[in-house]
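As structure tokens, the structure follows; a few thoughts come after it.
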Amino acid sequence: MSAVSTPQDDIRDLYEELRMGASLAVRFHSALAAHAGINITDVTCLGALDKNGPMTPGELAEHTGLSRGGAITAVVDRLERAGFVRRRRDERDRRKVIVELIRDGAYSRLTETFDSLGRAYTDVIGDHTKEERDLLLEFNRRVNTRLQERISELQERA
């Protein structure tokens, strides 16, 4: 005979699945980075450039939580040498450097691997009704908002 789960059990089980998903996401990005011959910080920067478009090294550092200066310069240097990004001068202010993603070549090979995970996700999402997808979307937005709040709190204390 199986035990009846309580609301606390359900909450705990869902929370544990979320923690496992976060851990697996980090492991996936690490494996993806190793596959591409770069590191996980580099993958994070590529993701920020893909999502937000070209930006200055300082903006890239802000989007990824890296420190300005040497740390972000080292990342951009590595990504440029590996053929993922290029530096160019800002057209409005020639003193500024803009880092932009090179979408063909090395990055396109990386996205092929990443896109296969995206297709697997959309397959799972597509198995749900519109109402279920709406609930999942609302839930994830709220969880992501809380996560961003915690990140901001930790960054303010650092």
Taking 25 °C and 0.890 mPa s as the conditions, I'd like the Stokes-Einstein D for the chain in µm²/s, using the Kirkwood hydrodynamic radius from alpha carbon pairs. 134 µm²/s
Between R86 and L135, 0.36 nm times their residue separation minus their Cα-Cα distance comes to what? 13.6 nm
Over the chain, average the accessible area per residue using a 1.4 Å probe and give it in Å², no decimals. 73 Å²
Leaving out ligands, DNA and RNA but keeping every protein chain, what accessible area does L117 have, in Å² rounded to the nearest 10, with a 1.4 Å probe? 50 Å²
Using a 7 Å offset from the Cα along the Cα-to-Cβ direction at both N52 and S108, what is the distance between the two label points in nm, to one decimal? 2.7 nm
Measure off, as a whole percent, the carbon and sulfur share of the 1.4 Å-probe accessible area of the chain, all protein chains present. 54 percent
Rounded to the nearest 500, what is the 222 nm mean residue ellipticity of the chain from helices alone, with -39500 (n - 2.57) per DSSP H run of 4+ residues and division by all residues? -24000 deg cm²/dmol
Once Lys and Arg get +1 and Asp and Glu get -1 on their Cβ, which of G47, Y121, S5 lies farthest toward the positive end of the dipole of the chain? G47
With everything on Cα atoms, drop me the angle between helix 7-36 and the longest principal axis of the chain, reported from 0 to 90° to the nearest 10. 30 degrees
Given N residues in the stretch 52-145, what is Rg(Cα) / (2.2 N^0.38 Å)? 1.45
Over the stretch 39-87, what portion of Cα pair distances is larger than 18 Å, expressed as a whole percent? 12 percent
D10 and T145 label points (each 7 Å along its Cα→Cβ direction) are spaced in nm at 2.2 nm
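Rounding to the nearest 20 debye, state how big the charge dipole of the chain is about its Cα centre with +1 on each Lys and Arg Cβ and -1 on each Asp and Glu Cβ. All intermediate terms of the calculation are to be shown ahead of the outcome.
Working: 25 positive and 27 negative charges, 201 e Å.
Result for the chain is approximately 960 debye, rounded to the nearest 20.
The values are calculated or read from the model by the stated rules, or taken from the named source; none is laboratory data. These numbers were taken from a predicted model, which means no experiment stands behind them. Positions of Cβ are backbone-derived with ideal geometry, glycine not excepted, and every protein chain shown enters the neighbour counts. These area figures cover heavy atoms from the full protein model, side chains too; ligands, DNA and RNA do not enter into them. Shrake-Rupley method; radii C 1.70, N 1.55, O 1.52, S 1.80 Å.
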